[in-house]
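Values quoted throughout were computed directly from the atomic coordinates according to the rules given, and no laboratory measurement underlies them. Remember, predicted model here, so these are calculated numbers, not experimental data. Because the Cβ atoms are built from the backbone with ideal geometry, glycine has one as well, and the counts that use them run over all protein chains shown.
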Amino acid sequence: MGAPHVALFPFPDHGHVTPMLQLALHLASRGAYVTFINAELGHQQLPSFTEYLNQTANLKYAHLSVGISALEGPLTLDVVVSDSSGLGNVESSSLPVLHRSLESQSSALEKLLTDLNGAQNWPSFSCLISDAFMPWTASVAQKLQVSWMVFWTPSATRFYLSTKALGHKEMNTELQKLANITIGLSPESTDVFDLSRLRNPHRRQLLMARVEGTKMADVILLNTFDALEEEAVKELAKDFPIRSLGPLCFGTGLKASKANEESLSWLDRQAPHSILYISFGSKAMLQGRPLEQLAFGIESSNMPFLWVLRSGGEGLPEGFVERTEARSKIMKWVPQKQVLEHRAIGAFFTHCGWNSVLEAVVEGVPMICWPTFGDQPTNKLVIEQKWRIGRGIQGGEVDAENIRQVIQDVVGNAEFRQRGSLLSRSAKSALGQGGTSDQNFKFLMQELAVREH
Ligand code: UDP
């Protein structure tokens, strides 16, 4: 049996492309031939991928250069957070347009894979691994008569809850309590199912297609490790062919190499565990009252801070920058993984995107959680209740005093750090020799080899 050739096709969004890139590197280092196919938007967001990937043995980069429909205006994945609930307005993003546009590229993907098969001095593809957000790729794999696997980018807990919520027309309190207990959350936690989202027929349909799609997959790959989400992984394994391969998070810092040096050299000059790092990921955009209250809360905490503000500081309260500049740095983008690794970081103020959460877990950094949309409220509950390495901003109304209080509680909490260190060790051993994720990678390599033509 020769080495297998796998095509990887990520959903074209920063938080989906980067873990899939990590998967590509792992598979290539274990001897598989890997072609990493990036759709147009992913290619635009991370242009330096081409060079980076083509330098790695066994790895090739391919660009699915089909344009995004221009008919519906400029495409933005930004989710604006501007009302006092502190939640993002998901309607402001073009995600549904992107979904439709991608699905219309099915034959283009099939053609690209067929052309690549003939062009390289590599074995033919035997497997397509696609993001679970694109269940339609199953039919492409079927036409090419190759195996189809999916990569589920959010947490295993989220996957479990989605399968449960979609199995019922209306969730009731009893079902919710049961699910909470099963995954190790307090029975009273109410927002785990993200019900408002599921009541919207369009969103329900999208999530349903995603979960239904996974049922066709030969293997479902999860970006987690077994010990991190033990209960959810065990429950899912009863019904789905899942394998946890994570934590797949190393960051890329590809967006701005100058920012890499600047933020890290600033951190080098700070005392250990003294800095509050604030970032809301690649999509959430804080504006108006939420941004103002966050700024006042940070200011009154008196903590020195590194704040990623993609707007560059627009909308901050008057005089905020001048009053805090002796103890702060505001940047548009930083190499987050390296920032979290830095000894100067004391706590992470996060929107709880799954990649950010995993990156903090790997480094054992305590978290202050302000979820804005999607799976983030669930991630917050897991951080607070299950791992107990952070605390969330409570209540519907965002308020500076509340924010100041939570920052101080988290920064001064030695237990959060201790538990964080234990989780960090467990995360690192999962991918180390003989760890659960390492073993799952070995299993995956065998599966791929068996499917080789
Ligand atoms: N990120 C980064 N630099 C920044 C802000 C974010 O490298 O200044 C990375 C972060 O490390 C993470 C990703 O962007 O890997 C964000 O993904 P996440 O799932 O946390 O949130 P999303 O952007 O999907 O909302």
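List of remarks:
- Protection proxy ranking, peptides 279-288, 361-370, 87-96, average beta carbon neighbours within 10 Å, highest first: 361-370, 279-288, 87-96
- Summarising the amide proton neighbourhood of ASN38: residues at separation of 5 or more, or on other chains, whose placed amide H is nearer than 5 Å comprise ALA62, HIS63, LEU64.
- With q set to 0.14 Å⁻¹, the log10 of I(q)/I(0) for region 393-453, from the Debye formula over equal scatterers at the Cα positions, is -0.65.
- Sites ASP409 and ASN121 - FRET efficiency at Förster radius 45 Å, r taken between beta-carbons, to 0.05: 0.15
- Cβ charges +1 (Lys, Arg) and -1 (Asp, Glu), total dipole of region 395-453, debye: 400
- Under 14 Å from LYS332, Cα to Cα: aspartates and glutamates that are on another chain or at least 8 residues apart: GLU261, GLU262, GLU314
- Cα-based helix-to-principal-axis angle, 400-411 vs the chain, degrees rounded to 10: 70
- Just so you know, the Cα atoms of region 203-350 work out to an Rg and Dmax of 19.6, 57 Å.
- Compared with the dominant Cα axis of the chain, that is its longest principal axis, helix 288-301 is turned about 60°.
- D_trans [Stokes-Einstein, Kirkwood Rh over alpha-carbon pairs] for region 342-453, 25 °C, 0.890 mPa s, µm² s⁻¹: 159
- Hits among lysines - C-alpha to C-alpha of LYS111 under 18 Å, sequence gap 8 or more where chains match: LYS60, LYS143
- Three principal axis lengths of the chain [C-alpha, angstrom, descending]: 63, 52, 51
- Normalising by residue count, region 256-307 has a Cα convex hull of 88 Å³ per residue.
- For region 3-25 versus region 379-453, the inter-centroid distance based on Cα atoms is 21 Å.
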